[in-house]
Amino acid sequence: MNPSYSITAIFSEAKKLILPASVRHETNEMITEVVFGTAASPCFVEFQELNGAIKISKDLMDQIRLPLGKTQLILHQNSVYLGPLIGIFTAGFTGSILRPIGNRSLFFAKYLTAQKAAGLFAYVFGAHLIDWESGIVNGYTFDDDGWRQMKIPLPNVVYDRLPNRETEDHHAMKMVKKRLKTEYGIPWFNPGFFDKWTIHELLLSHAEAAVYLPETMLDPSYEQIEKMLRRHNSVYLKPRNGSLGLGVFQLIYEPDEHIYYCRYRSQEDNILRKYKSLDQFFKFSFGSRKMEDYLLQERIKLIRIEQQQVDFRVHTNKDSMGRFHVTAIAAKIAGKGSVTTHVDNGGTVKTLEELFDQKDERNQAFRSLTSAALVLSEKIDQCIEGFIGEIGFDFGIDDCGNVWLFEANSKPGRSIFSHPSLKEEDLHSRKLSLQYALYLSKKAIEEPEVLYK
């Protein structure tokens, strides 16, 4: 990680920037310009023996709209880049300064708190907060005094945290993304929600990734559902673009009784129903849903705790070198009668230490999940267009210790971090998101031809 420097304002000279003598060797050029986000200004630069600080004249600060705080330095050709400046792009703003992004305000506040440790600048913004004529954003920042709005330049890099697919598909959101990428050359990472079938198909073509995939098919016929049920006794029907376990059906076939059972979530309740035939299920429970929007997947016999199935959420993040790391692993235990392990469906979160009493068993699970997450992260990154900074995986482990992939999420939820023992992992993953933003910023400044090849 690059060093960060405290910013001190000076009032004596105009357009003056004083940098630590220790960074003089980072460029052979004479520095004549200071840049913050997309704002730039000519400046006069001196190098002095400074202890972890830079000094900048107040008029220069005002011109590039640089706030006090800490900054990293990127020297390239005749320019010094401060920040970098990271814009976290989202929607759902309320207009309230106390909770500007509604229920997600705390989520974003945590990211903006993490910027201090990383020595970066970050703000949250939406499409309606951009003044395109001036290139200025009326963005939201957060500090010890709470939320506030400030006018700040367009960022060096955008971290996409749009809340759902519907918002992402909105014309205004697409327009912002296109203009920032094409007109300003600003990298944009985590640009879209993953499509389950697309991810399955691309991983299936790589032998080292395919071993983690359950039998899955898109838009299954009644006959295909029957055949898979006879092979596995239980299958899942999952929305191709669903989230939070909504719209998921577990079908179970009892050959001795020639009866079908189905588990699903309805409103606030977990439902179990019995049918004499698949036709009855589709008529009374599946309703008007379209099969072309659904995946059929075999049910893996997962390890269980107190008769409840267990799966695992594994987070991976890229660092300041653009390399993936596993940042968090947690077990999710299904609620009674629930078809999924989601917390909103009554599931609970446990650490591996809480789940496995035996150290050898715990270590084996850790190694297997880590290995799977890193292999799959690399393959997805290679095959999906755009910049991916983080992935959340839902894995299962069967009775033989094999790892199975159920879902990969490009904008993973963070419900596992509500567990008190995962606070460090929570902070670490947020820091890495900002560090990856630093990586993209540096690439865009120093090697744009590599970034956009």
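Among the residues of the range 24-40, which ones are surrounded by fewer than 18 Cβ atoms within 10 Å (Cβ to Cβ) and in contact (Cβ under 8 Å) with a residue 12 or more places away in the chain? Lay out the reasoning, then the answer.
Initially, the range 24-40 is screened for residues surrounded by fewer than 18 Cβ atoms within 10 Å (Cβ to Cβ), giving 24-30, 32-33, 40.
Within the range 24-40, Arg24, Glu26, Thr27, Glu29, Met30, Thr32, Glu33, Ala40 qualify.
Quick test for you: out of Pro220, Pro214, pick the one residue that is open to solvent by less than 20 Å² (accessible area, probe 1.4 Å), assigned to a loop (DSSP other than H, G, I, E, B) and under 15 Å from Trp404 (Cβ atoms). Before the answer, list the steps.
Working: Pro220 fails: under 15 Å from Trp404 (Cβ atoms).
Going through Pro220, Pro214 in turn, just one is open to solvent by less than 20 Å² (accessible area, probe 1.4 Å), assigned to a loop (DSSP other than H, G, I, E, B) and under 15 Å from Trp404 (Cβ atoms): Pro214.
Just a yes or no: is a residue in the range 249-264 of a type in the set (A, V, I, L, M), touching a residue at least 60 places away in the same chain (Cβ under 8 Å) and open to solvent by 20 Å² or more (accessible area, probe 1.4 Å)?
At the first step, the residues of the range 249-264 found to be of a type in the set (A, V, I, L, M) are 251-252, 259.
Among the residues that remain, those that are also touching a residue at least 60 places away in the same chain (Cβ under 8 Å) are: none.
No, because not a single residue in the range 249-264 is of a type in the set (A, V, I, L, M), touching a residue at least 60 places away in the same chain (Cβ under 8 Å) and open to solvent by 20 Å² or more (accessible area, probe 1.4 Å).
Being open to solvent by 70 Å² or more (accessible area, probe 1.4 Å), closer than 27 Å to Asn190 by Cβ and modelled with pLDDT of 95 or more, is that true of even one residue in the range 58-66?
Yes, the range 58-66 contains a residue that is open to solvent by 70 Å² or more (accessible area, probe 1.4 Å), closer than 27 Å to Asn190 by Cβ and modelled with pLDDT of 95 or more.
Looking at the range 17-30, which of the residues that are out of contact with any Leu (no Cβ under 7 Å at 6 or more places or on another chain) and under 13 Å from Asn78 (Cβ atoms) is modelled with the highest pLDDT?
My answer is Met30.
Among the numbered criteria (1) surrounded by 17 or more Cβ atoms within 10 Å (Cβ to Cβ); (2) of a type in the set (A, V, I, L, M, F, W, C); (3) in a loop (DSSP other than H, G, I, E, B), which one does Leu246 miss?
(1)
Answer with yes or no whether Glu133 is outside any helix (DSSP H, G or I), free of Cβ contacts under 8 Å to residues at least 60 places away in the same chain and either acidic (Asp, Glu) or open to solvent by less than 30 Å² (accessible area, probe 1.4 Å) (or both).
yes
Contact list please: Cβ distance under 8 Å, first residue in the range 183-210 and over 15 Å from Ile391 (Cβ atoms) and in contact (Cβ under 8 Å) with a residue 40 or more places away in the chain, second residue assigned to a loop (DSSP other than H, G, I, E, B) and open to solvent by 30 Å² or more (accessible area, probe 1.4 Å), pairs at least six apart or on different chains.
From residues that are over 15 Å from Ile391 (Cβ atoms) and in contact (Cβ under 8 Å) with a residue 40 or more places away in the chain, the pairs are Tyr184/Thr38; Gly185/Tyr452; Ile186/Thr38; Trp188/Gly386; Trp197/Arg240.
Pull out all pairs, ordered by first then second residue, where Cβ-Cβ is under 6 Å, the residues are six or more apart or on different chains, the first lies in the range 372-387 and is closer than 14 Å to His200 by Cα and in contact (Cβ under 8 Å) with a residue 24 or more places away in the chain, and the second is among the small types (Gly, Ala, Ser) and buried (at least 23 other Cβ atoms within 10 Å of the Cβ).
Going by the 6 Å Cβ cut-off, there are no qualifying pairs.
Tally time: how many residues in the range 70-95 are surrounded by fewer than 17 Cβ atoms within 10 Å (Cβ to Cβ), at positive phi and in contact (Cβ under 8 Å) with a residue 12 or more places away in the chain?
2
Inside the range 398-448, can you point out the residues that are touching a residue at least 40 places away in the same chain (Cβ under 8 Å) and of a type in the set (Asp, Glu)?
Within the range 398-448, Asp398, Asp399, Glu407, Glu425, Asp426, Glu446 qualify.
Taking the condition of being under 17 Å from Phe193 (Cα atoms) and open to solvent by less than 60 Å² (accessible area, probe 1.4 Å), how many residues in the range 353-382 meet it?
The qualifying residues number 5.
The values are calculated or read from the model by the stated rules, or taken from the named source; none is laboratory data. All figures in this text were calculated on a predicted structure; none of them were measured in a lab. No Cβ is skipped: glycine too gets one built from the backbone with ideal geometry, and neighbour counts run over all protein chains shown. Heads up: the accessible areas ignore ligands, DNA and RNA and are worked out on the full protein's heavy atoms, side chains in. Shrake-Rupley method; radii C 1.70, N 1.55, O 1.52, S 1.80 Å.
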